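Have a look at the structure below before the remarks.
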Amino acid sequence: MSANRWVSTSMPYLTPREQGQGDAWTADAAAQGRRGTQRIVHAGEVPASAEVARLLGIPEQEPVVVRRRLILLDDEPNELTDTYYPTAIARGTGLAATAKIPGGAVTLLAQLGYAGALVREDVRADLPDEAEQQALRIAPSDPVLLLTRLTLDHDDRPIQVDRMVMPARRQQLRYEIRIG
């Protein structure tokens, strides 16, 4: 496998971190002998798109909190991630700000009383739009993987939607399912 390819599993990003631990991305990259960082390019309230509204079960254009990040692997763009939260959960918290969150957003959600119990992920391939091409430093003909993740709490209420865009040639997604 190429040194430029990233093997990604979802579990580390769904579990709150212990006190004093860094975020899951930094730890995951370090475990693979790599350097993982991220830049928060925007945080705050935006109107919900049709897709985000449908997933969160709210009216289209209703305000939601978004954290937009450029995920870097060894200082190279690896992924664009937009994470959306209902304003009732995130307004006025660190989720609505550009500062780094100790332990990551999932840890803060747990501290606020919101724990994920069910996650649904959909993956599809497409071609990047112009902004994605520029941010990820890829050509218009380079396919991307679009991963949409919905996290529901124990009462099946949506608490988080992630939309990730990754250059397909640099990614391998791994799903491990334990039964029983």
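The values are calculated or read from the model by the stated rules, or taken from the named source; none is laboratory data. Note that this is a predicted model, so its numbers are computed, not measured. Heads up, the Cβs are rebuilt from the backbone with ideal geometry, glycines too, and the neighbour counts pull from every protein chain shown.
Remark: pairs (first residue in segment 108-121, free of Cβ contacts under 8 Å to residues at least 40 places away in the same chain; second residue polar (S, T, N, Q) and surrounded by 14 or more Cβ atoms within 10 Å (Cβ to Cβ); Cβ separation under 8 Å; 6+ apart in sequence or on different chains) = Leu108/Thr93; Leu112/Thr93; Leu118/Thr151.
The residues in segment 70-88 that are surrounded by fewer than 20 Cβ atoms within 10 Å (Cβ to Cβ), under 21 Å from His154 (Cα atoms) and touching a residue at least 40 places away in the same chain (Cβ under 8 Å) can be counted, and the count is 1. Residues in segment 64-88 that are over 12 Å from Arg35 (Cα atoms) and not in a strand (DSSP E or B): Thr87, Ala88. When you scan segment 134-141, do you find a residue that is within 22 Å of Glu45 (Cα to Cα) and loosely packed, with under 12 Cβ neighbours inside 10 Å, even just one? Checked segment 134-141: no residue is within 22 Å of Glu45 (Cα to Cα) and loosely packed, with under 12 Cβ neighbours inside 10 Å. Filtering segment 126-156 to residues that are touching a residue at least 60 places away in the same chain (Cβ under 8 Å) and over 15 Å from the mean Cα position of the chain (by Cα) leaves Ala135, Arg137. Restricting attention to segment 141-166, the residues that are modelled with pLDDT of 95 or more and more than 25 Å from Ala50 (Cβ to Cβ) add up to 2. Across segment 95-128, the qualifying residues are those that are small (Gly, Ala, Ser), at pLDDT below 95 and not in a loop (DSSP other than H, G, I, E, B), and the one among them that is surrounded by the fewest Cβ atoms within 10 Å (Cβ to Cβ) is Ala110.
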